[in-house]
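For reference, the structure is listed below as structure tokens.
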Amino acid sequence: MNTEWDLIIAGNGLAALTLALSLPESYRIAVLCKNRLQHSASSHAQGGIAAVLYDPDTLEKHVADTLTAGAGLCDETAVRDILAQGGQAIEWLLQFGVPFDRNSDGLLHLTREGGHSMRRIAHIADHTGKAVMENLHHALRNRANIHVFERHMALEVLKNPEGSACGLRVLSQENGHTAEWHARYTVLAGGGLGQIYPHTTTPPECTGDSIAMALRAGCTIENAEFIQFHPTGLALPHKTDGRTFLISEAVRGEGGVLRNQQGERFMLGQHPLAELAPRDIVARAIAREIAKQNEPFVRLDISHRPAEFVRSHFPSIYAHCLANGIDITREAMPVCPVQHYTCGGVTTDTCGRTQIANLFCLGEAACTGLHGANRLASNSLLECVVMARKAAERIEKGGKQILLKRTEPSVHTPANPPSNLPVFNRENLHRLTASCLGILRNHNGLAEAQAVLNAWLNTLPEPQTAWEYEDRNLLLCAKAAADAAVSRNRNVGAHFNTDCTAAEAAL
């Protein structure tokens, strides 16, 4: 097997495939899929891609909405850089035949989601990610220079004596063998860390591998405390393919309302945008309502809209709910907050360059400064396309610039582990993150998380299998999130510490 490449990409989501398809066909490119090519978080994206396309929308309005959602912690230069290329990103996808929904006049149909002041979400019904990825998969099959390796897991970043990245150590899950794969450029695009939580909309492959590899290679990460919880995961007693089924924010964008156990619209008066408030506000409001009642969910109701409208706009959601005994044209859906997106990640610029020469990081695993403390809905797929196309341009020019840190993380010494330290397994990890690193946090819980995670990391044996490598990555990412949450001494965006609230109220 060839292990010498121009480019190795660890990941198979939208950012990974956009980069591979944006480079000249003279480049020899390896795409590593931990599972199968079609298995990626991008394929599950429902809502769409935010872009300024038509009047009266403007770039300034999109920038303002993004900065508001990011709660003052966005990098405005990065925000403008990425959002300004929204139209070009949509045009690039159209060139690959992506069938965005259109109005009767031929213009793209745009929907609206929470935090947006305008309709600017280009979409394909409620299965945008699936349609986009299917078209890119087709294009990939026609590129002889791009080689896809399924069931190959990237383990570590390789570096040469000068400290530049020069490839990856790779595990073949077909035969259990590891090998060093070398490349001029190495790209980490393996998605976020959603599987550190018991309930997440991300697929089982999202175990924070790219973030953990970058950390071990010497990169810094930023904003790891900002874990976005989507307000409306479908509250069923079972998961779908290892993940919680997502009810798109577009349901609320098209008139869906949230009701508590008494049937009251509880978002009225809590925010000027009510159900369309930024996700962190809606998620915390739902969590507070659930705490007041004896049902572990609230209800999202769009049954007042015409039945044909609901079925045509949300066919996937309609079909999935109907298969579980819920007719959303006649009744409300049970929903609760669920982990959805990693707002922080590996420190990069908008081209995906990291602090290590020739090492790029793209997509959800990266932190460009676009999302700040809370991601604005549907900015993430846009970021994937824009970052990857910019990375391709940079690689063609030679991308050896080494970045400086944007922030200097605080260092905290974890407390001693509890005397009754539970044995490490994913079930116990999920119990810990759900209680200590969820929507609502407190000082004691964060200290416990730090101590337990640190103890587990120190006692974890050297990994041998893909599952064991994932365990190590999950623990490293969970600890990074806990450390960052301890360092953040005020409530902002997706980070909410109830003890900080009490302290602020006492001033």
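The values are calculated or read from the model by the stated rules, or taken from the named source; none is laboratory data. Quantities reported herein were computed from a predicted structural model and do not represent experimental measurements. Neighbour counts are summed over all protein chains in view; Cβ atoms, including those assigned to glycine, are modelled from backbone coordinates with ideal geometry. Please note that ligands, DNA and RNA were not included when accessible areas were found on the heavy atoms of the full protein model with its side chains. Shrake-Rupley method; radii C 1.70, N 1.55, O 1.52, S 1.80 Å.
Results, tabulated for the structure shown:
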read-out	value
Selected residue (only one of A434, A478, A415, A449 is open to solvent by 50 Å² or more (accessible area, probe 1.4 Å), closer than 17 Å to P198 by Cα and either at pLDDT 95 or above or of a type in the set (G, A, S) (or both))	A434
Among (1) open to solvent by 10 Å² or more (accessible area, probe 1.4 Å); (2) over 30 Å from L171 (Cβ atoms); (3) not aromatic (F, W, Y), the one test that V423 misses	(2)
Members of the stretch 384-405 found to be farther than 13 Å from L23 by Cβ and at pLDDT below 95, listed by number	G398, K400, Q401, I402, L403, L404, K405
Matching option when the condition is at pLDDT below 95 and over 19 Å from L136 (Cβ atoms), among R375, R330	R375
Filter result for L32 (in a helix (DSSP H, G or I) and either in the same structural domain as G11 (by the TED database) or surrounded by fewer than 21 Cβ atoms within 10 Å (Cβ to Cβ) (or both))	no
Selection status of A144, over 21 Å from A214 (Cα atoms), open to solvent by 20 Å² or more (accessible area, probe 1.4 Å) and modelled with pLDDT of 95 or more	yes
Test result for G167, touching a residue at least 60 places away in the same chain (Cβ under 8 Å), open to solvent by less than 10 Å² (accessible area, probe 1.4 Å) and in a strand (DSSP E or B)	yes
One residue from G115, G47, G72 being in a loop (DSSP other than H, G, I, E, B), at positive phi and open to solvent by less than 20 Å² (accessible area, probe 1.4 Å)	G115
Candidate set from the stretch 77-97 (those that are under 16 Å from T368 (Cα atoms) and free of Cβ contacts under 8 Å to residues at least 60 places away in the same chain); member that is most open to solvent (accessible area, probe 1.4 Å)	R80
From the options H182, H199, residue that is in contact (Cβ under 8 Å) with a residue 60 or more places away in the chain, closer than 20 Å to I9 by Cα and assigned by the TED database to the domain that holds E383	H182
Complete set of residues in the stretch 435-464 that are in contact (Cβ under 8 Å) with a residue 60 or more places away in the chain and farther than 20 Å from I211 by Cβ	I439, L440
Residues of the stretch 170-189 classified as among the small types (G, A, S) and open to solvent by less than 30 Å² (accessible area, probe 1.4 Å), total	3
A41 open to solvent by less than 40 Å² (accessible area, probe 1.4 Å), within 26 Å of L136 (Cα to Cα), outside the structural domain of I317 (by the TED database) and not acidic (D, E)	yes
Selection count, the stretch 194-211, where residues are part of a loop (DSSP other than H, G, I, E, B) and more than 12 Å from the chain's Cα centre (by Cα)	5
Residue count, the stretch 465-475 (criterion: open to solvent by 40 Å² or more (accessible area, probe 1.4 Å) and either in contact (Cβ under 8 Å) with a residue 12 or more places away in the chain or not in a helix (DSSP H, G or I) (or both))	2
Filter result for L17 (outside any helix (DSSP H, G or I) and either touching a strand residue (DSSP E or B) at 6+ places or on another chain (Cβ under 8 Å) or not assigned by the TED database to the domain that holds I211 (or both))	no
